[in-house]
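Participant: If you scroll down you'll find the structure; I have some questions about it.
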Amino acid sequence: MLDQTIHLCFLSQDSGLAEVIARALGDGFETRPSTESHFNRLNGLRQWCDIFLLDLRLASTRGDYEAGLRLLDEINKIPSHPPTVVLCDAENRALLVGVMERGAYDSVTAPPNMIELRLILRRAYKFHVAEKELERFRTDSRGTGKLHDLLGTSPAMQELFGLAQKIAPCDVNVLITGETGTGKELLARAIHQMGPRASRPMVAFSCANLPETLIEDELFGHEKGAFTGALACRRGRIETADQGTLFLDEIGDLSLGLQPKLLRVLQERSFERLGGNTTINVNIRLICATNRQLPEMVQQGKFREDLYYRLNVVQMHLPPLRERRDDIPLLAQHFLQTSAQQFNKKVKRYSQPALHALEEYSWPGNVRELENAVQRAVVLSEGQTVDVWHLPSIIRSKSEEVTFNNSYEEEVRQFKRRLLIRTLRECGWRKAESARSLGVARGYLHRLINQLDIRPTEEETTLSAHREKLPTIKQVM
């Protein structure tokens, strides 16, 4: 995403300012100034540009922003319009905040700080890409329609989607691993819907934190009179899933006493209800999921080895959200739109600090925690923008990383570290591009990286190495 040139349309009467900003932004941006005579072609301009940079001072009279505000309203009427970053006088703080309530993505004081402007424009571009991806997913039958509600453009998720499409038509058992909240059941449903049993039921059951007798009754059912209170015959989940798919979540919690019975179902395709002698034949596809390490449990004698190999015909791993941070803007925007529709709110976007907080948080609860956080923020927001104070306190505190007991030097060090990490991620961990974005020498950037002990994650290192192998635009030309 960051390898693309960002097309910026600068709406301003000041051609000199447009030229200065175009030169200062440097590589990675292509700026096209638009004078008043071109403003009536906004709908055409949006086909080319990724971001509108609107100079609110369109009128000759200082402090007269009516023309600029009207143009902002016109931009917001354009279907699927690019995000708008507004430029206005520094002393009018109320206006800087007010334009965001009128639909601007963000606002910048004039004259702008170029480091701040670059970061805001890059975030606006990421927001624009996320919106376009969501639109593509809605209209492309090969997108989320075939993978249920799963979203993700990161390399890890794209590889997972490709594997799911390959194995879905093959009637094999699947073991899905991953932390809680990563979307294991959604992946199971996607595989079921793409497979030959899609017209038959998918029956889901979680083995977590339930007594053995209850799990046995839920899975195998019982005959009338099998135990006290069994007043009628009851079909279990296995029988209900006949000709379809059975999804067993948290299979690692299945007791050793029930594991041989499940193994028999997989081997013999038959079972008996509790209290019964009649053999019932079933034809099911089994998909299991767990957040536990089954190989370790096999070594410890807590999980049968033969059952493990029966379940683990194809293993799929859902990465935690912290290992696919590129997907956070896409997921956050999707949850914002669905929550706004669900709760009848007018929220359309995140403020820059809010989106930054979402990207920096570690998400121990993964996608489920992100969805809950966004729902909370949408409910609390009053206007069109989710701000950082609408987010749960733990997300705000992790983003701010402020400790009042710190010394002045430590606070400055933490600020530098956050700024460098954010810029390096924005630039795909390219040192030269990051140095240009920050306006510092490359050697000084390297010294700061070493002093502040900044290291990319394993996934970021792999992606950076891959990008370095790609030819640049200048090399191609």
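The values are calculated or read from the model by the stated rules, or taken from the named source; none is laboratory data. Bear in mind the structure is a predicted one, so any value in this text is a computation, not a measurement. With ideal geometry, Cβ positions are generated from the backbone for all residues, glycine too; neighbour counts draw on all protein chains shown.
Participant: Any chance you could count how many residues in the range 304-362 are outside any helix (DSSP H, G or I) and within 20 Å of G162 (Cα to Cα)?
Facilitator: Going through the range 304-362 one residue at a time, the tally reaches 10.
Residues checked against (1) without any contact (Cβ under 8 Å) to a residue 40 or more places away in the chain; (2) closer than 30 Å to E323 by Cβ:
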site	(1), (2)
L187	no, yes
P196	yes, no
T213	yes, no
H222	no, no
L248	no, yes
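Participant: Kindly provide the set of residues from the range 193-246 that are over 30 Å from P169 (Cβ atoms) and of a type in the set (F, W, Y), ordered by number.
Facilitator: The answer is F227, and nothing else.
Participant: List the residue pairs whose Cβ atoms are under 6 Å apart, where the first residue sits in the range 354-377 and is polar (S, T, N, Q), the second is part of a loop (DSSP other than H, G, I, E, B), and the two are 6 or more positions apart or on different chains.
Facilitator: N366/E179; N366/G181; N366/T182; N366/P320
Participant: Pairs under 7 Å by beta carbon, first residue assigned to a loop (DSSP other than H, G, I, E, B) in the range 7-33, partner at pLDDT 85 or above and aliphatic (A, V, I, L, M), six or more apart or different chains?
Facilitator: Matching pairs, first to second residue: G28/I6.
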